[in-house]
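Reading through the structure tokens given below for one structure.
Please treat every number below as a calculation from the coordinates, not as lab data. As the structure is a computational prediction, the values presented were derived from the model and not from experiment. A quick note on method: Cβ atoms are made from the backbone with ideal geometry, for glycine too, and the neighbour counts reach across all protein chains shown.
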Amino acid sequence: MTPHQPAGSVDVCLVSMPFVDLCRPSMALGVLKSALRSSPYRISVHYANLLFAERVGIDRYGLQRLGRQTRLTGDWLFAGAAFPEHVTDTVGFAEKIAEDVCWLSKREKSQETLTRLTALSLDLRVQATAFVDEMVESLLAQAPRIVACTSVFQQHTASLALLRKLKARDPGIVTVIGGANCTGIMGVTNIESFPWLDVVFSGEADEQFAPLIDRILRLGVAGLDTDPVEGAITRMSVKQLKGLSDQDLPCAFVRDLRALPQPDYDDYFATLEDFLYRTTIIPGIPLESSRGCWWGHKCSCTFCGLNGHNMRFRSKQVEQVLNEIRSLHEAHGIERIEFVDNILDMGFFDSLLPSLAREPKKFNIFFETKANLTRAHVKQLKAAGVGWIQPGIEALDDRMLKLMNKGTTNAINLQLLKYACEFGLRVIWHVLYRIPGEQDAWHAESARLVPLLHHLMPPTNVIPVGIQRFSSYHDNPQHYGLTLHAAPSYGEIYPLEAHRIDQLAYFFESNLSEPAECTGQRDGFRALVSAILDWKQAFANEDAPPLLGMRDEGEFISILDTRGCASERRFRLEGLQADVLRCCDPAIRPERLAPLLAKRGARACTEAAIAQAVDDLRERHLVVEVSGKLLQLAVPGEIPDIPARLTFPGGIEAPPDIAALLAAKTETPAAA
């Protein structure tokens with residue numbers, strides 16, 4: 001397969017290098033292409049991530065997803081192409097990747113398995129270099145004047161490799177790189193460290209990209225020094241940035257999203273149409289309805305490094321969002337919509353969501369939200385086609401949530417999980433640990449709560465909190481008792497001095513970092529991990545899933561309880577017990593229970609009788625006291641099915657088949 005490209009030469013090549021997901025187009029390239037639509041310049045867009053997956057096989061491409069986040073496996077695989085002069089222990093690094101893969105895929109770490117996985121990584125690294133050479137030839141055939149790469153997640157080294165080799169072959173090509181990996185000091189460090197880069201763009205390029213391209217093509221890179229473009233950093237302009245604080249470094253910012261064009265994804269779908277592994281990909285459409293974070297603008301979660309130093313929240317107009325959904329569905333026939341917003345605009349409950357519910361075409365939608373959603377909110381999300389949410393639950397303990405500045409409580413988190421179960425939403429969430437200030441006893445308390453929750457959506461993973469650039473942990477480490485250094489993998493990838501790597505890095509480690517085996521020695525944490533594994537296994541039992549359902553018949557409440565902690569499978573609640581259960585949704589403070597019961601006309605409402613009813617309900621594990629409130633856990637009515645994993649709105653690609661990779665013939669290449 002060759003890249004989708006127009007005939008003849010072009011002015012600008014936009015490139016998405018590995019590694020990013022294969023199942024969705026690049027929103028950045030889609031918007032930038034649209035921004036240039038009215039210009040006189042000829043544009044081509046290249047999805048090199050798809051081309052590389054076709055070259056090496058989709059299973060091998062997916063291997064990089066099975067490494068630890070801070071291992072930077074994807075960047076390391078292209079490091080030989082980007083920095084051939086940087087001599088490191090490639091075999092040793094590949095062995096670490098092999099151990100990661102065994103750990104994350106839960107495979108036995110036999111010597112044979114480790115040897116074959118090590119050989120796979122080394123072979124991929126060799127193929128990465130050959131692939132960059134192929135891409136260089138393909139792009140040179142178009143005689144471009146500018147080549148611009150996007151760099152998010154683990155695209156950076158592959159993009160640097162491509163631009164370096166292009167510049168070596170044709171010094172007249174202007175090389176541009178931008179994206180999250182180029183924000184602020186990271187962008188400055190890139191332009192100072194890699195002489196083959198002409199322009200590094202820091203921040204949101206939507207409004208500035210067309211002027212940037214026009215200025216370069218008319219005046220050359222020097223034109224940016226005499227007539228600067230916001231966010232563009234050149235070799236000359238970077239000299240004027242010496243001594244500026246991180247917050248004062250260039251970073252373009254779009255103040256009004258209403259002027260932004262609809263992304264153009266035609267090139268992605270044209271490339272996907274010819275993709276060798278097309279049948280393994282179910283694509284989704286990435287869109288945005290807002291940028292920034294209204295919660296983070298007030299009180300950022302301590303671990304969050306998204307948005308750089310500008311959390312300011314901005315939203316698109318409702319009709320603008322609806323038109324983009326309709327237009328892209330008409331163009332590509334895709335009903336899966338992944339909103340990449342950091343957080344759902346609460347104002348959309350009065351505007352966008354009702355409009356989506358009225359649309360004749362029903363879509364499959366994902367949103368990130370905050371956890372403080374009411375039952376009415378969740379019902380409205382479901383009616384609008386939102387079947388997947390990521391609400392940032394993060395913990396089952398109020399003290400942990402407070403340490404992270406989550407602005408929510410355990411009662412709110414559990415309430416949301418229950419409402420999601422009631423209306424059939426799939427919830428993506430994780431339990432975080434290794435939070436500065438956490439106590440192991442808190443994990444033990446959470447572990448004791450978990451068996452009562454088996455009928456609700458379990459967390460996807462239990463993971464250590466990451467330390468990201470721009471987060472509170474990174475910006476103010478002394479406050480949290482942290483001593484930081486860039487993740488060690490950066491030194492294996494980039495031929496830079498330690499202080500330069502600290503300026504380039506996005507992921508950091510701290511004095512709180514500890515090997516997995518040390519974490520497992522903490523009794524409370526070990527109990528929590530074990531309890532969550534039991535929860536996930538129970539919830540995944542399709543033949544006999546755990547249920548806690550209730551049907552309110554007026555005179556009594558029927559309960560069906562198949563959880564492992566159930567005292568009875570089927571029973572009735574009558575009188576005061578039934579009245580108390582009704583009052584505990586939403587969660588209620590114990591001292592407000594008696595007034596609410598009296599208001600609702602309940603009889604026999606003495607304090608002693610109420611206390612006894614509460615004790616009885618807690619003994620049956622129907623009510624829990626969390627966050628100083630009483631919350632009933634039963635889900636009312638007929639419990640709907642939750643969306644299957646394969647329906648994820650952001651698209652699906654086949655997970656790497658490790659067994660097939662191990663069975664395939666692979667020669668151990670020389671160290672790359």
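P(r) tail, the stretch 449-488: Cα-Cα pairs separated by more than 14 Å, 62% of all pairs.
Taking GluC sites (Glu not before Pro) across the stretch 547-590, the ones in a DSSP loop with at most 12 further Cβ atoms lying within 10 angstrom of their Cβ are 553, 555, 568. Treating each Cα of the stretch 335-429 as an identical point scatterer and ignoring solvent, apply the Debye formula and state log10 I(q)/I(0) at q = 0.18 Å⁻¹. Cα-only, vacuum Debye calculation for the stretch 335-429: -0.78.
Taking only the alpha-carbon atoms of the stretch 561-672, what semi-axes of the equivalent ellipsoid follow from 5 times the gyration tensor eigenvalues under a square root, in whole Å, largest first?
Numbers: eigenvalues 530, 47, 45 Å².
Three semi-axes, in Å: 51, 15, 15.
The stretch 47-78 and the stretch 404-436 have Cα centres lying 31 Å from one another. Among beta bridges identified by DSSP and lying wholly in the chain, the antiparallel ones come to about 40 percent. Look at the Cα gyration tensor of the stretch 276-342: its axes a ≥ b ≥ c give a/c of at least 1.5 with a/b at or below b/c, and that counts as oblate.
Sorting 226-235, 391-400 by average packing, meaning the other beta carbons within 10 Å per residue, from highest down gives 391-400, 226-235.
Computed over every Cα-Cα pair of the stretch 12-150 and binned at 10 Å starting from 0, the pair-distance distribution P(r) comes out as 11, 37, 31, 15, 6, 1 percent. Kindly express, to the nearest 10 degrees and within the range 0 to 90, the angle between helix 410-423's C-alpha long axis and the longest C-alpha principal axis of the chain. Its long axis makes an angle of about 90 degrees.
Can you give me the convex hull volume of the Cα atoms of the stretch 76-132, divided per residue and expressed in Å³? Don't skip to the answer; put the middle values down first.
Numbers: hull volume 3.8 nm³, N = 57.
Output value, Cα hull per residue: 67 Å³.
Built from the Cα atoms of the stretch 375-489, the convex hull projects on average onto 8.7 nm², one quarter of its surface area. When the P(r) is computed for the stretch 499-629, the part past 27 Å accounts for 45% of the Cα-Cα pairs.
With R₀ set to 30 Å, the beta-carbon distance separating residue 440 from residue 87 gives a calculated FRET efficiency near 0.10. Which length gain, in nm to one decimal place, applies between residue 556 and residue 219 when the Cα-Cα distance is subtracted from 0.36 nm times their residue separation? Additional length available on full extension: 113.3 nm. Pairs exceeding 28 Å between alpha-carbon atoms, taken from 370/536; 362/536; 33/239; 316/536: 362/536; 33/239; 316/536.
Axis of helix 209-219 versus longest Cα principal axis of the chain: the two differ by about 10°, to the nearest ten degrees. In terms of overall dimensions, the stretch 173-216 has a Cα radius of gyration and Dmax of 10.2, 27 angstrom. Counted by Cβ distance under 14 Å from residue 41, the other residues give a net charge of +4, where Lys and Arg count +1 and Asp and Glu count -1.
Which FRET efficiency value, to the nearest 0.05, is calculated for residue 543 and residue 570 with the Förster distance at 22 angstrom and r the Cβ-Cβ distance? Walk me through the numbers before you get to the answer.
Working: r = 19 Å, r/R0 = 0.85.
Efficiency computed from Cβ-Cβ geometry: 0.70.
Taking a quarter of the surface of the Cα convex hull of the stretch 566-614, what do you get in nm²? Working shown, then result.
Working: hull surface 15.0 nm².
Here the figure is 3.8 nm², rounded to one decimal.
What is the Cα convex hull volume of the stretch 241-389 when expressed per residue in Å³? Display every interim value, and only then the final one.
Details: hull volume 24.4 nm³, N = 149.
Spread over its residues, the Cα hull of the stretch 241-389 gives 164 Å³ apiece.
How large is log10 I(q)/I(0) at q = 0.24 Å⁻¹ when the Debye formula is applied to the Cα atoms of the stretch 401-448, each weighted equally and without solvent? Cα-only, vacuum Debye calculation for the stretch 401-448: -1.05.
Which of the peptides 298-306, 217-225 is most tightly packed, and how do the rest follow, going by the mean number of other Cβ atoms within 10 Å of each residue? List each step's numbers first, then the result.
Numbers: 298-306: 18.4, 217-225: 15.0.
Per-residue Cβ counts within 10 Å, averaged per peptide and sorted highest first, yield 298-306, 217-225.
Taking one quarter of the surface of the C-alpha convex hull of the stretch 229-272 gives a mean projected area of 5.5 nm². Compactness of the chain, taken as the C-alpha radius of gyration over 2.2 N^0.38 Å, stands at 1.03.
Order of 537-544, 444-451 by packing, highest average Cβ count within 10 Å first? It would help to have the intermediate numbers written out before the result.
Details: 537-544: 10.6, 444-451: 17.2.
Result, highest mean Cβ count within 10 Å first: 444-451, 537-544.
For the stretch 160-278, the extents of the C-alpha atoms along the principal axes are 50, 41, 28 Å, listed from largest to smallest.
Helix 90-104 and the longest principal axis of the C-alpha atoms of the chain enclose an angle of approximately 20°. A cut-off under 14 angstrom between Cβ atoms defines the neighbours of residue 69, and their net charge, with Lys, Arg +1 and Asp, Glu -1, is +3.
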